[in-house]
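To start, the structure itself, in structure tokens.
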Amino acid sequence: MILNLFRFLLIPLAALTTAAALATPQPVPLAQLFPAAGQTKSAIVINKVLERYHYRKVNLDEIFAAQVFEKYLEALDPGRAFFQVHDIDRFNTGARRLADDLRQGNLAIAFDVFRVYRMRVDERVALALKLLQERFDFSRPQTYVFEPETKQWCTSSAELDALWRKRVMNDFLTLRLADKPDAEIRERLQKRYEGLARRIHQFNGDDVFQTFMNAYTQAIEPHTSFMSPDTSENFDISMKLSLEGIGAVLRGDNEYTIVQSTVPGGPARESGQIHTGDQVVGVAQGLDGAMEDVVGWRLEDVVDKIRGPKGSVVRLQLLSKTPGTTSRAREVTLVRNQIKLEDQAAKSSVIEQRVNDVTRKIGVLEIPTFYRDFDAENAGTRDFRSTTRDVRRLLADLTAQGVEGILIDLRGNGGGSLAEATSLTGLFIDTGPVVQVKDAFGKIEVEADTDAGVAYAGPLAVLVDRDSASASEIFAAAIQDYGRGLIIGEPTFGKGTVQTLIDINRFVPGEHNDLGRLRLTMAQFFRIDGGSTQLNGVTPDIRFPSASYLNQHGERSLDNALPWTRIKPATYRASILTNVEQLARQSAARIATDIGFNMLTERSKMLRDLDAQKEVSLRETDRRAEDQQREQRFKAERDRYLHTRGITPVDEDAEAVNEEALEAQRQAIARIEVEEAARVLLDEVLLRPAPVVPAPVVVPAPAVATQ
């Protein structure tokens, strides 16, 4: 029963962040920002459900309550740009009772803090608008520290004023670097700051309650969250829309909306112009609608602007953290569409390599997601689409073409159906366990392949990266544990937990008002060797050099993520991979002189440096020089590689771009790792001992009787 529920919950929740239906909110009087009776009931139930059912046992004591309160302050004021020390001191008086208050559903402190927060936002916005009327001197050497090593609350209004002066200057300079005229910059920033105050004034009691309860859940574990009745309704709408929209998973980060990932087959990924880490700074409707600045907006409001009916046009203005791009905002036009199953389907190709004047072939299977057409299956359709069925067919085609090994490309595959991860593993092993699932009560269930026989028994490798997650990690881990194939690339994302949705009303008999829902982490995945896929992900047998420059990424970058741990191994029979060290040495020797990998490694270094940056210069000449240096540094490496492949580099920032040439450029870069992984697999094929051919048996002729 538990595993049946988990199969559904592994479907990516991209729809949750790409679809929402929000009515235009109105300003809410301060007098209405007090706890409601329904919220008190919900708080009591949420506390009990978390204590009983969450995978990580919750002890609601004073230490934990202090962490909840810190998370709440961080949710409201992550940059410590509104509250001052005297505010925090006053809040702490009430926060000391928070553990007892939460048990009783007393939410007074949460609403008290928010009311003060709203007043502080008004004060800061008024200052920002006043500063906009001044002329800034961008010739002086000064810096803006946007993420201090130790965050401290300002001790005075003067100190906070100085912080905001630099903040406004940085906002202004960022737009000037994007070649905006000063008059337009002032108008745009005025709308941005006024919009910030307007949206905070539109927070109602449910919004405050949801923000506080999510601070509570986030203090436990990052994938547990509370959904208010409105948010729950939007979630239901999004699931019915079947990922209709642009196909992008978004998250809030301070005042920016960040692209966390793109969905295979969706308009965002198909455009090739939207990448993980991009900041959405503007949204416009249609081909000629006005661009709205969305910096500082709530995630839900940005999503509301991006969402729209199938076939309609939305334009996004993006700032990129991708190395080699300028700090200028770029505009991307997308046609909203429904993401179809065939757009996410597995694809095959063949890589040919010459070895000693002999052409050798490696088959490549690109699997963007673990999909299964549940609607068709439930309707009784016998030939419903699924990853396993498509891969089985593709394997037969590749085998018929004479490939000597199969490389499965799971880069960027964020997961999908657990059933498919299990059955896909079954194509490469005979029978046996694939993954173990441990629930909050310590019960362990094993998901196993029970279908005897294999679809492919030859040499196998799996290519993964930092964005391979969930079901991808389950498949890769099983292949590694069985010794069935090589894992190549970067350490994976590390998402090894399972969530379920719980209606709060289930625990309040007779309650007619909707109290919302809780998305609860109630189980964890474990490999068949006993180790978890949580946090550490899957470590490749052969690591690419880009992995050496990874900062905290994926699950490892999230606060309060569940730790890596292990349980008793399952019973299974594994093979031992030989020659791994030799294969790694041969690969490293090739990569050391490979122009393509030099480019990818340089890009990883630059991403690491960007992630580590905590401050920026407010001197315009310095900022422009830094921007140009970074751009030139990457493009020089990229162009050098493309020239060796006979490809003329395309400037993505140009006014008119040849889209076909740009796509060819992207594909060439995407093939660098695939081609090296194929070379590694071919090395493994060549190192295998030749099969022993039995000597012919001479059978003596039967004696011939003579007459």
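Going through (1) outside any helix (DSSP H, G or I); (2) under 27 Å from LYS495 (Cβ atoms); (3) among the β-branched types (Val, Ile, Thr) one by one, THR422 falls short only on (1).
Tell me yes or no: at least one residue of region 89-96 is in a helix (DSSP H, G or I), assigned by TED's automatic domain parsing to the domain that holds SER156, over 23 Å from ILE44 (Cβ atoms) and of a type outside the set (S, T, N, Q).
Narrowing region 89-96 to residues in a helix (DSSP H, G or I): 89-95.
Of the ones still in play, those that are also assigned by TED's automatic domain parsing to the domain that holds SER156 are 89-95.
Filter again for over 23 Å from ILE44 (Cβ atoms), leaving 89-90, 92-93.
Within this subset, residues satisfying the condition of being of a type outside the set (S, T, N, Q) are 89-90.
The answer is yes; a qualifying residue exists.
Note on region 481-506: among residues that are within 25 Å of THR601 (Cα to Cα) and of a type in the set (Val, Ile, Thr), the one that is surrounded by the most Cβ atoms within 10 Å (Cβ to Cβ) is THR492. Is it the case, given these coordinates, that THR601 is out of contact with any helix residue (DSSP H, G or I) (no Cβ under 9 Å at 6 or more places or on another chain) and outside the structural domain of PHE138 (by TED's automatic domain parsing)? Answer is no for this residue.
For region 131-138, does any single residue satisfy the condition of being under 30 Å from ASP171 (Cα atoms), out of contact with any strand residue (DSSP E or B) (no Cβ under 6 Å at 6 or more places or on another chain) and in a helix (DSSP H, G or I)? Before you say what the answer is, go through the steps one by one.
Step one: list which residues in region 131-138 are under 30 Å from ASP171 (Cα atoms), which gives 131-138.
Then drop every residue that is not out of contact with any strand residue (DSSP E or B) (no Cβ under 6 Å at 6 or more places or on another chain), which leaves 131-138.
If we keep only those that are in a helix (DSSP H, G or I) as well, we get 131.
Yes, because at least one residue in region 131-138 is under 30 Å from ASP171 (Cα atoms), out of contact with any strand residue (DSSP E or B) (no Cβ under 6 Å at 6 or more places or on another chain) and in a helix (DSSP H, G or I).
For beta carbons closer than 7 Å, sequence separation of 6+ or different chains, a first residue in region 433-449 that is more than 17 Å from SER470 (Cα to Cα) and a second that is among the polar types (S, T, N, Q) and surrounded by fewer than 16 Cβ atoms within 10 Å (Cβ to Cβ), the qualifying pairs are ASP449/THR431.
Screening region 557-597 for residues that are touching a Pro at 6+ places or on another chain (Cβ under 9 Å) and assigned to a helix (DSSP H, G or I) and picking the one that is farthest from GLU626 (Cα to Cα) gives ALA588.
Look at ILE669 and say whether it is in contact with a helix residue (DSSP H, G or I) (Cβ under 9 Å, 6 or more places away or on another chain) and closer than 29 Å to LEU177 by Cβ. So ILE669 passes the test. If the condition is being buried (at least 18 other Cβ atoms within 10 Å of the Cβ) and touching a Ser or Thr at 6+ places or on another chain (Cβ under 7 Å), then region 617-645 contributes SER617, LEU618, ARG623. Restricting to region 523-546, what's the tally of residues that are over 13 Å from THR492 (Cβ atoms), of a type in the set (Ser, Thr, Tyr) and part of a loop (DSSP other than H, G, I, E, B)? Matching residues across region 523-546 total 0.
When the criteria are applied in full, VAL58 fails the requirement of being under 30 Å from VAL616 (Cβ atoms) and in contact (Cβ under 8 Å) with a residue 60 or more places away in the chain. For region 276-292, the set of residues classified as surrounded by fewer than 18 Cβ atoms within 10 Å (Cβ to Cβ) and either touching a Lys or Arg at 6+ places or on another chain (Cβ under 6 Å) or at pLDDT below 80 (or both) consists of THR276, GLY277, listed by residue number. Checked against (1) modelled with pLDDT of 95 or more; (2) under 25 Å from ILE576 (Cβ atoms), ALA400 meets all criteria but (2). Looking across region 425-459, the residues that are assigned to a strand (DSSP E or B), touching an Asp or Glu at 6+ places or on another chain (Cβ under 8 Å) and of a type in the set (A, V, I, L, M, F, W, C) come down to VAL434, VAL435, VAL437. Working only within region 522-546, note down all residues that are touching a residue at least 60 places away in the same chain (Cβ under 8 Å) and within 23 Å of the chain's Cα centre (by Cα). Correct list: MET522, ALA523, GLN524, PHE525, PHE526, ARG527, THR533, GLY537, VAL538, PRO540, PHE544.
Sort out for me the strands (runs of 3 or more DSSP E) sitting completely within region 248-321 that have 1 or more residues that are aromatic (Phe, Trp, Tyr) and within 20 Å of LEU177 (Cα to Cα). Reasoning before the result, please.
Details: elements: 248-253, 256-262, 279-285, 313-319.
In region 248-321, the matching strands (runs of 3 or more DSSP E) lie at 256-262.
Annotation for region 648-658: no member residue is exposed (fewer than 15 other Cβ atoms within 10 Å of the Cβ), at pLDDT 90 or above and of a type in the set (Val, Ile, Thr).
Being acidic (Asp, Glu) and assigned to a helix (DSSP H, G or I) is the filter; apply it to region 72-88 and report the residue that is surrounded by the most Cβ atoms within 10 Å (Cβ to Cβ).
Residues of region 72-88 that are acidic (Asp, Glu), as a first pass: 74, 77, 87.
When the remaining residues are screened for being assigned to a helix (DSSP H, G or I), the result is 74, 87.
Numbers: GLU74: 15, ASP87: 19.
Filtering first and then ranking leaves ASP87.
Of everything listed in (1) closer than 30 Å to SER139 by Cβ; (2) part of a loop (DSSP other than H, G, I, E, B); (3) of a type in the set (A, V, I, L, M), the single unmet condition for LEU610 is (2).
Can you pull out every residue in region 460-480 that is in a helix (DSSP H, G or I) and surrounded by 24 or more Cβ atoms within 10 Å (Cβ to Cβ)? Once the filter is applied, which keeps residues that are in a helix (DSSP H, G or I) and surrounded by 24 or more Cβ atoms within 10 Å (Cβ to Cβ), region 460-480 yields ALA471, SER472, GLU473, ILE474, PHE475, ALA476, ALA477, ALA478.
Tally the residues that are at pLDDT 50 or above and either not charged (D, E, K, R) or not in a helix (DSSP H, G or I) (or both), restricting the search to region 1-60. First the steps, then the outcome.
Residues of region 1-60 that are at pLDDT 50 or above, as a first pass: 24-60.
This time we only want the ones that are either not charged (D, E, K, R) or not in a helix (DSSP H, G or I) (or both), so: 24-40, 42-47, 49-50, 53-60.
Counting residues in region 1-60 that are at pLDDT 50 or above and either not charged (D, E, K, R) or not in a helix (DSSP H, G or I) (or both) gives 33.
Checked against (1) closer than 30 Å to SER228 by Cβ; (2) charged (D, E, K, R); (3) surrounded by fewer than 23 Cβ atoms within 10 Å (Cβ to Cβ), GLU555 meets all criteria but (3).
The values are calculated or read from the model by the stated rules, or taken from the named source; none is laboratory data. Because the structure is a prediction, the values reported are computed rather than measured. Note that we place each Cβ from the backbone using ideal geometry, even for glycine, and neighbour counts take in every protein chain shown.
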